[in-house]
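Chemist: I'd like to ask some things about the structure below.
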Amino acid sequence: MATTRELGPAALRRSYDPDAFGFDTTAELEDQVDAVGQPRAVAAIEFATGIGRAEYNIFALGAPGTGKHSLVENHLRKRAEERPAPPDVCYVHNFERKDEPSILILPAGTGRKLRKDMSRLNANLRSALRGAFESEEYQTRRQVIEDEFKERPRQELQEVETRAKEQGLVLLRSPSGIAFAPTRDGEVMSGEDFQQLPPEEQQDIQDTVEKFQTEVQLALREMPSWDRERQEKVRELEREVIGMAVEDLMGGVREDYEEFAQISTYLDAMQDDVVEHARGLVESEMPIQEGAAGPNSAQPPTISLRRYHVNVVVDNHNMTKAPVIYEDNPTYDNLVGRIEHSARFGGMYTDFTHIKAGSLFRANGGYLMVDAHRLLQAPFAWETLKRALQSRRLRIESPAQAMNMMSAMSLLPEPLAIDVQVVLLGDPMLYYILSQQDPDFEELFKVASDFAERMDATEENCTGYVGVLAMLAREDGLRPFDKTAMAHLLEHSTRLAGDQNKLTARIGLIHDVLREADFWAGNAGSEVVSATHVQQAIDAQIHRSDRIRESTYEQIERGTIMIDVEGKQVGQINGLAVIAFGNLAFGRPNRLTARVRVGQGDVVDIEREVELGGPLHSKGVLILAAYLGANYTSDSPLSLSASIVFEQSYSGVDGDSASAAESFALLSAITKVPLRQDLAVTGSVNQHGVVQPIGGVNEKIEGFFDVCSGKGLNGSQGVIIPASNVRHLMLRHDVVDAVSSNQFHIYPIETIDEGIELLTGIPTAQRDADGAYPEDTFNRMVSDRLVEMAEKRRAFDSPSSTVTTPPDSEVE
C-alpha cells in the first residue's frame, strides 16, 4: 500500500522574514519610481513612444488595480520631457467665409498675448473710428462732396430752363412734377389763347415742350447714378480717413507680430474689414455677431467688435514640455470639442468665439490617455477618434454634422492637423473583442501593453514591491509601516496571487489594505502600523462581506445543509466548491453521492440532466466514465448505470474540480466500501486517473476547516488536494496552527489510487503480469464487481434467461 504524506506547516504558507528588509519602518525608504514586475508592459510602452510612427498607438490591457494607469502616465511624462511644448491654437473670424472660422497655430504663449493685444485694440477701435468720422477734415471734405452733388441737379435744370426761355417756354415746378408752358409777352399763355393759335404753331410748341420734357426726364434719370457716385465718393473718403486711423491704431500690433505670417495675413484682412464696415461698427449699439439674427427675428444684422476677438482654444503659455492628458469622461464633446450656442431674441446664435476645444486638441503634440470602456459607451466618440487618427486632422463640429445628420446652418471651423499618441486603457477581453470585431483597430493601435496580474516573488521584486507600498503610503499621508507590517502585506499579496512564488500585481487591492491598516493603527493610538493592524484591516474587509458565508456555515452546523465530518458512508463524499460574492470568495463543502445498478454503461450527471450543470462539469463526468471503463473493464462492456449528484444543490454547478470526488463516490458505490467523511476532496481527474490542479484551493481548505471547527475538531479531519496545488497554498494562520497541533490534516495526492487508499484504508495496487489486480485490493474489488454486473446483464439479455432481477434494481 502506497503511503501519502500529509503536508507539514511549512508547506502551507510562505512567510517573509521582516529582518531581511534592512529597515525598521518605511520612513527610512525612498520613493520607488521604477515599475515593478511589469517588464513586458513597460517595454511595449517604451517601444511605442520611441518609434515615432503615427499608427503606433497603445492599448494598455490588464485587470483593474494592476497600476496600468499610473505606470503608463509616469512613462508618458518621462517621454514628454524630451518633447517641446506644443503651439497655441486660436480661432479667428474668417472675413471671406464667416461660417468657416480660421485657425491660427502660434508658439506657446503667443495666443494669450495676441488675445490681450486684440482686446486692447478693440477697446480703442470704436472711439478711433468715431473720432475719424467726427474730424474736421472728414466733415469738410464730405460737405464738399455733398454740396457738389446737390448742385448738379439744379444746374442741369437751370440749363434746360434757360434754353426753354429762348424757345418761348417757361419751366413750372409743382408738387406733381416739372412741366413746360408757352409764353406770350412774358406771361404764361392760357389754354384759350393756345387754342386760338394756328394748328401749325400749336404743333411746333408741343414738339418743343416734348423735347424739353425729354431732357428733364433724362436729367432726372441720372439722379440715382449721381447719388451712387456721391455715395462712392463718400466711401472712398471714409476708406481714406478710416484707413489712416486704423493704420495708426494697428501699427504697434503689426510690429509686434511681423514675424508671424499667419497673424500678418489676419491683420491685413481685419484692417480691410474694419474699413469696409466702419460706419456699421460706429453705429452699432449692441455687440451682436454679424448675421446673428434668425429668420424669424425682428433684430436686424449688425456689425460687432466680437468678430475681431481672438478665441484661444488651446493655451499652452505655462507648458514647458509635451502634454499628457487623461480624459476620464470621453464623450464626443469632451474628446473633440463643441460649438456652444446662446439664445437671443427667440433664436439660437453662435460664432467662432463659442468654439471650445476637447482633449484631442489639448493633447496635440503629446499624449492622450482614455478609458476604452467609457470611450465605447459614448455615442460617436469611438468612430470620431478613429477617423481623426486615420486622417491626422480634427474638426470641431456637432455629432449631427459629423454624421451628416443635420442640414441646418452651422459653423465649419477649419480643421487642426493633429500629432497625438493615444493610449487606451482597458481589460484584456475588450482588447481581444476589438481586435476581432473592428477592422481598423489593429491598424491604429499596433502596440499592446499587456499588464500581468501576478509577478515572481523574487528578492528584487519583493524589494521593489515594498518600495512601491511605502511610496503609496507616503503619498496618502499614512503613518510609517514597520517591517512586520510589510512582511504581512507581502504574505497577503502572495495569498491574492494564489501562488507561493508569486505576488499579485493588482497593487490597488494592497493599497486599500494600507489605508485601512493605517485607520486601525490610529484607533489603537499607534504612530507606526504593524502586522497586527494589517491583519485587522484584512479581517475587517472579510467581515464586511461575509454575511452569506456565515449564514451558509450556520445552516451546516444546524443540519439544514447536511454535511458529515466524521464516520464512513458508502457512495458519499464531501466535495468542495468556491462561492464568490463581490470581492469575497469562500469554500463550501457539498455532499456528493453516487448510486449504481446494472445497466448499459451510462454515468448520469443529474446536474446536467436538469440543466444545473455547466459544460465543464459535464466534461468532468464524461472523463470519469472514460477512466472507469478503460481502467477496470477494458476486456468487457461497462454494464452499470450510475447517477451522480450534488445533494442540496439548487443553483448552477460548473467546473471539473469535483471529478476526483465523483470518482471516489462512484468507486465506493460500486464496491460498497465506505469512505471517510472526515476528509473532503477537491481535484479534477483525467482519463488516466491522474489528479489535476484546481482553483481556489485555499478557500476550499479553509471552508471545510471552518465547518469542522464549528462541529468540533476531532484530530482526524482534513482535506485531500492535488499534489500540483501545493505550491498554491497560502492558508490562514489558524489553519496552519491546527495542522501544527495535529488537529487538521492536508493530504496531497497525484492519482485516484492514492486518494482511495486514504479514504478507505484499502490498498489499490497495479495490474500484475497477467493483467489482473492482486487479491484483497480495492482495484480488484472494483474489477470483480464490474465483471459480476456484466454477467448479470448478459444473463438478463439472453433469450433463455430465467433471471428475475428487475433491470433497474440496485446491486446488493
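Chemist: Write out, first by first residue and then by second, each pair whose Cβ atoms fall under 9 Å of each other, whose residues are 6+ apart or on separate chains, and whose first residue, in region 179-202, is of a type in the set (Ser, Thr, Tyr) while the second is in a helix (DSSP H, G or I) and surrounded by 11 or more Cβ atoms within 10 Å (Cβ to Cβ).
Modeler: Close Cβ pairs satisfying both conditions: Thr183/Lys165.
Chemist: So in region 311-330, with the set limited to residues that are closer than 25 Å to Pro399 by Cα and in contact (Cβ under 8 Å) with a residue 60 or more places away in the chain, which one is farthest from the chain's Cα centre (by Cα)?
Modeler: If we take residues in region 311-330 being closer than 25 Å to Pro399 by Cα and in contact (Cβ under 8 Å) with a residue 60 or more places away in the chain, then Asn311 is farthest from the chain's Cα centre (by Cα).
Chemist: Further question: Tally up the residues in region 225-266 that are within 28 Å of Arg142 (Cβ to Cβ) and either open to solvent by less than 70 Å² (accessible area, probe 1.4 Å) or not hydrophobic (A, V, I, L, M, F, W, C) (or both), please.
Modeler: Going through region 225-266 one residue at a time, the tally reaches 26.
Chemist: Look at region 774-795 and say how many of its residues are surrounded by fewer than 22 Cβ atoms within 10 Å (Cβ to Cβ) and among the aromatic types (Phe, Trp, Tyr).
Modeler: Going through region 774-795 one residue at a time, the tally reaches 0.
Chemist: Quick one: in region 331-367, which of the residues that are among the hydrophobic types (A, V, I, L, M, F, W, C) and outside any strand (DSSP E or B) is surrounded by the fewest Cβ atoms within 10 Å (Cβ to Cβ)?
Modeler: The residue in question is Phe345.
Chemist: Just to be sure before I move on: is Thr66 within 19 Å of the chain's Cα centre (by Cα) and of a type in the set (Ser, Thr, Tyr) in the structure I sent?
Modeler: Here the answer is yes, as Thr66 does meet what is asked.
Chemist: Further question: Given the options Val570, Val604, name the one that is modelled with pLDDT of 90 or more, surrounded by fewer than 21 Cβ atoms within 10 Å (Cβ to Cβ) and aliphatic (A, V, I, L, M).
Modeler: Unique residue meeting the criteria: Val570.
Chemist: Could I ask something else about it? Look through Leu490, Leu514, Leu496 and report the one residue that is in contact (Cβ under 8 Å) with a residue 40 or more places away in the chain and either open to solvent by 40 Å² or more (accessible area, probe 1.4 Å) or closer than 23 Å to Leu729 by Cα (or both). Walk me through it before giving the result.
Modeler: Details: Leu514 fails: either open to solvent by 40 Å² or more (accessible area, probe 1.4 Å) or closer than 23 Å to Leu729 by Cα (or both); Leu496 fails: in contact (Cβ under 8 Å) with a residue 40 or more places away in the chain.
So the residue among Leu490, Leu514, Leu496 that is in contact (Cβ under 8 Å) with a residue 40 or more places away in the chain and either open to solvent by 40 Å² or more (accessible area, probe 1.4 Å) or closer than 23 Å to Leu729 by Cα (or both) is Leu490.
Chemist: For Ala60, work out the one condition from (1) open to solvent by less than 20 Å² (accessible area, probe 1.4 Å); (2) assigned to a loop (DSSP other than H, G, I, E, B); (3) closer than 24 Å to Val447 by Cα it doesn't fulfil.
Modeler: Just one mismatch for Ala60, condition (2).
Chemist: Where the second residue is open to solvent by 40 Å² or more (accessible area, probe 1.4 Å) and in a loop (DSSP other than H, G, I, E, B) and the first is among the β-branched types (Val, Ile, Thr) and lies in region 445-467, which pairs have Cβ atoms under 9 Å and are six or more apart or on separate chains?
Modeler: Correct list of pairs: Thr458/Asn501; Thr463/Gly22; Thr463/Gln32; Val466/Leu29; Val466/Gln32.
Chemist: Now for a different question. Might you check whether a residue that is within 30 Å of Leu305 (Cα to Cα), of a type outside the set (Ser, Thr, Tyr), assigned to a loop (DSSP other than H, G, I, E, B) and modelled with pLDDT of 90 or more occurs anywhere in region 72-85? Quick ask: steps written out before the conclusion?
Modeler: Taking region 72-85 and keeping what is within 30 Å of Leu305 (Cα to Cα), we get none.
So far as region 72-85 goes, no, none of its residues is within 30 Å of Leu305 (Cα to Cα), of a type outside the set (Ser, Thr, Tyr), assigned to a loop (DSSP other than H, G, I, E, B) and modelled with pLDDT of 90 or more.
Chemist: Restricting to region 624-634, what's the tally of residues that are under 18 Å from Ser657 (Cα atoms) and either at pLDDT below 75 or crowded, with 18+ Cβ neighbours inside 10 Å (or both)?
Modeler: 4
Chemist: Would you pick out the residues in region 553-591 that are among the aliphatic types (A, V, I, L, M) and not in a strand (DSSP E or B)?
Modeler: Result: Ile556, Ile561, Met562, Ile563, Val565, Val570.
Chemist: Scan region 8-26 for residues that are open to solvent by less than 70 Å² (accessible area, probe 1.4 Å), within 17 Å of Ala531 (Cβ to Cβ) and in a helix (DSSP H, G or I) and jot them down.
Modeler: Matches in region 8-26: Pro18, Phe21, Thr26.
Chemist: Same structure again: Within region 635-732, considering only strands (runs of 3 or more DSSP E) that don't extend past its boundaries, which have at least 3 residues that are open to solvent by 10 Å² or more (accessible area, probe 1.4 Å)?
Modeler: 640-646
Chemist: Can you spot a residue in region 664-676 that is more than 30 Å from Phe796 (Cβ to Cβ), within 48 Å of the chain's Cα centre (by Cα), modelled with pLDDT of 80 or more and not acidic (Asp, Glu)?
Modeler: no
Chemist: I'd like the residue in region 99-112 that is touching a residue at least 60 places away in the same chain (Cβ under 8 Å) and surrounded by fewer than 20 Cβ atoms within 10 Å (Cβ to Cβ) and, out of all such residues, is nearest to Phe361 (Cα to Cα).
Modeler: Checked region 99-112; the qualifying residue nearest to Phe361 (Cα to Cα) is Ile105.
The values are calculated or read from the model by the stated rules, or taken from the named source; none is laboratory data. Here the structure is a predicted model, which is why all the values come from computation and not from measurement. Virtual Cβ from ideal backbone geometry, glycine too; neighbours counted across all protein chains shown. Side chains are part of the model used for accessible areas, which takes the heavy atoms of the whole protein and leaves out ligands, DNA and RNA. Shrake-Rupley method; radii C 1.70, N 1.55, O 1.52, S 1.80 Å.
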